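The structure appears right after this line, and notes come after that.
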Amino acid sequence: MRQAAERALEDAGCTWKDIDALILGKAPDMFEGVVMPELYLSDALGANGKPVLRVHTAGSVGGSTAVVAANYVQSGAFRRVLTVSFEKQSESNATWALSPRMPFVPHVNAGAGGFFAPYMRLYMERYGVPEHIGCLVAVKDRQNALKNPYAHLQIPDISLEMVMQSPMLWEPIRFLESCPSSDGACALVLADEEHASRSPNPPAWILGTSTRADGSMYAGKDNIHPASLIACAKDVYAKAGITDPRRQIDVAELYVPFSWYEPMYLETLGFCGEGEGWKLVESGATALGGDLPINASGGVLSSNPIGASGMLRFGEAALQVRGMAGQHQVEGARLALGHAFGGAHSYYAMWAVSADKP
Amino acid sequence: MSDTPAPVTGIEVPINLQYEFTAGKALTRFLTRIREGRIVGQRCPGCNNVYVPPRGMCAACGIPTEEEVEVVDEGIVESFTVVHIPIPGNPIKPPFVAANILLDGTDMACLHRVSEVDNARVHVGMRVKARWKPREEWDYTFENIAWFRPVEGS
């Protein structure tokens, strides 16, 4: 975390002295068994005496933490904030934390994959999607990861055959169609117009941010195209002047912890019609060389420090429009989308960033 | 040097959290009935949807639910997954089927197991019926139903 924070400060040409507040996010405390770590982390980060706020929105927290930080700057309450998020899964077990015995109901809740898998099956059945589509996403993201030195999973000989032959965990999700358990952190410096204009490296300009929350379980909830995500996208597109996402957005970093979420999100976010997302995947449009690269960084499928995963999507989107994404840079990227999701399709956070000052 | 013990880098500290669960009015009613082998839910006065187990409110409409509805122990598999890895702290041996089961007359699926069938034959829309545990084992729990099994001819 400290490394991430220091590198963000260096990139922005700042020191802690220039930072007005610390906005911190991580996944639920039970994931690591350490309660309220933000109380001592401000000290560990070297941010003693700064106002500290922690954001809680399950897996989407990295994204919504960045949105909260952006809101503070937008409000004028703070002029420069450092926002940071993290997870240390090597000393914890998120699947354990997500599989507790609940009172009076059968103990069949088998981690995140166990909850989400039935909805992926519904997606496949509703639209007649071939089984290998999920595997194609898994291969594509791991190939992208090979171009990102920060990606956790580096599988040089990744192939469709390797993914298809990897063991089933929660049908239809195979081992290699799932995210890893990672340690990691992400930090961003968000600044007002005046400070951003003086940044030593080109800044990413935030065109719009949005968050939405919804109930976990209720009658009639569409878990394939969740209403809360449709609303979140509509809001951020309106703020950013996006009317045709497929044409206008150059690159998107979407929170895809299981391969099947890529085609589902392509539809929900309006990149194509319902039932068409898998065809975009199959056509290669979402590959690094395609016309709509998704998760050029390797995505959550290649690194999942849960609390940081959402902010990594936001940060990677920013790196793309700043032209600083290194080997996984999408050439000429001017407008990028960052997206995060959490809970039982309960929380969404998004932002759109641009190379051009609005 | 050889006498120097290896540095301790971590220890396992199991934590046990025991708590009393307050069911509330709606769930108390459900649990009292399920102990008698009956399944009751509640209908939302706003959207008319029936919830089993009832929670005393509808999360879609944001309003309280009071009207009680008794339903049958039969329904369809809305969707499912075959779980191939063990659930931490759970003796069920994988692979097993975890299914979202929509009981007839209800509008939101509940999570339960499907058994007594080859996992490969389970499908979306399959009709299933509750396999109750022996009556003497019934308690205030949805686990009085051991699992759901296919209805003949399904």
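Within segment A:15-35, restricting attention to residues that are free of Cβ contacts under 8 Å to residues at least 12 places away in the same chain and of a type outside the set (Asp, Glu), the residue that is surrounded by the fewest Cβ atoms within 10 Å (Cβ to Cβ) is A:17.
Regarding residue A:108, is this residue surrounded by 17 or more Cβ atoms within 10 Å (Cβ to Cβ), among the β-branched types (Val, Ile, Thr) and in contact with a helix residue (DSSP H, G or I) (Cβ under 6 Å, 6 or more places away or on another chain)? Judged against the criteria, residue A:108 is not a match.
Residue count for segment A:312-358, restricted to those that are farther than 27 Å from residue A:225 by Cα, small (Gly, Ala, Ser) and outside any loop (DSSP other than H, G, I, E, B): 1.
Every residue, every condition in (1) at pLDDT below 95; (2) in contact with a Leu (Cβ under 7 Å, 6 or more places away or on another chain); (3) within 14 Å of chain B (Cβ to nearest Cβ), yes or no:
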site: A:216; (1), (2), (3): yes, no, yes
site: A:223; (1), (2), (3): no, no, yes
site: A:226; (1), (2), (3): no, no, yes
site: A:231; (1), (2), (3): no, no, no
site: A:236; (1), (2), (3): no, no, no
site: A:245; (1), (2), (3): no, yes, no
site: A:255; (1), (2), (3): no, no, no
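Residue A:266 falls short on exactly one of the conditions (1) free of Cβ contacts under 8 Å to residues at least 60 places away in the same chain; (2) over 16 Å from the mean Cα position of the chain (by Cα); (3) in a helix (DSSP H, G or I), and that condition is (2).
Yes/no matrix, rows are residues, columns are (1) of a type in the set (S, T, N, Q); (2) in contact with an Asp or Glu (Cβ under 6 Å, 6 or more places away or on another chain); (3) modelled with pLDDT under 95:
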site: A:19; (1), (2), (3): no, no, no
site: A:34; (1), (2), (3): no, no, yes
site: A:48; (1), (2), (3): yes, no, yes
site: A:64; (1), (2), (3): yes, no, no
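Summed over segment B:74-112, residues that are more than 7 Å from chain A (Cβ to nearest Cβ) and in contact (Cβ under 8 Å) with a residue 12 or more places away in the chain total 18.
Just to verify a result, which residue in segment A:66-113, among those that are aliphatic (A, V, I, L, M) and facing chain B (nearest Cβ under 8 Å), is nearest to residue A:351 (Cα to Cα)? By that ranking, first place goes to A:110.
Conditions (1) outside the structural domain of residue B:136 (by TED's automatic domain parsing); (2) assigned to a loop (DSSP other than H, G, I, E, B); (3) crowded, with 21+ Cβ neighbours inside 10 Å, marked per residue:
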position	(1), (2), (3)
B:6	yes, yes, no
B:9	yes, yes, no
B:14	yes, yes, no
B:17	yes, yes, no
B:31	yes, no, no
B:54	yes, yes, yes
B:77	no, no, yes
B:92	no, yes, no
B:101	no, no, yes
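Restricting A:296, A:240, A:219, A:233 to those that are buried (at least 22 other Cβ atoms within 10 Å of the Cβ) and farther than 28 Å from residue A:142 by Cβ reduces the list to A:240. When segment B:113-124 is filtered for residues that are among the aliphatic types (A, V, I, L, M) and facing another protein chain (nearest Cβ under 8 Å), only B:124 remains.
Scan segment B:103-154 for residues that are part of a loop (DSSP other than H, G, I, E, B) and of a type in the set (D, E, K, R) and the total you get is 7.
The values are calculated or read from the model by the stated rules, or taken from the named source; none is laboratory data. Treat the numbers as computed from the prediction; the structure is a model and nothing was measured. Here the Cβ is made from the backbone with ideal geometry for all residues, glycine too, and neighbour counts use every protein chain on show.
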